[in-house]
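Worksheet: the structure to be examined is printed underneath.
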Amino acid sequence: MSKILKAVDAMVNSEELITDVKALQETLFFKYNQTYVWSIQKELGDYFLIYYVNHSEVKEVIDSIKYMPNDPGPYISYSSKDYKSTESGDNFGELYLIVKEKLYNIDTVLDNIISG
């Protein structure tokens, strides 16, 4: 298994370390382990996971994209379509759902529904 798939698995299995979730259009931005700024988006059935190098705050990345859309700074991008044949290729989708649920605070909503 490649390192990025292991990292996605770690993020999925430690979702409590996903914080500072914000959206800009269809892209979801988040911080992992209070250190690493990422974004994930779904496009035509594929997921794109991007790590923003040299950024420590989600707001910095969003602002740089808003004001300089052609230059958000250095980043590394991963596509789920490159890993579809592997057993963990669908973890991109699971990570996307986790981040989206955090954006809308779904855990609290579901807890309130369950507790009546």
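Values in this text are rule-based calculations from the coordinates and carry no lab data. Just so it is clear, the model here is predicted, and its values are computed rather than measured. Cβ placement follows ideal geometry from the backbone for every residue including glycine, while neighbour counts extend to all protein chains displayed.
So the values come out like this:
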quantity: Flagged links, alpha-carbon separation over 24 Å, of LYS3/LYS31; LYS42/LYS102; LYS3/LYS66; LYS59/LYS84; LYS31/LYS66; LYS6/LYS100; calculated: LYS3/LYS66; LYS59/LYS84
quantity: Two-site FRET efficiency, VAL53 against SER14, from Cβ-Cβ distance with R₀ of 35 Å, rounded to 0.05; calculated: 0.95
quantity: Scaled radius of gyration (Cα, divided by 2.2 N^0.38 Å) that the chain gives; calculated: 1.08
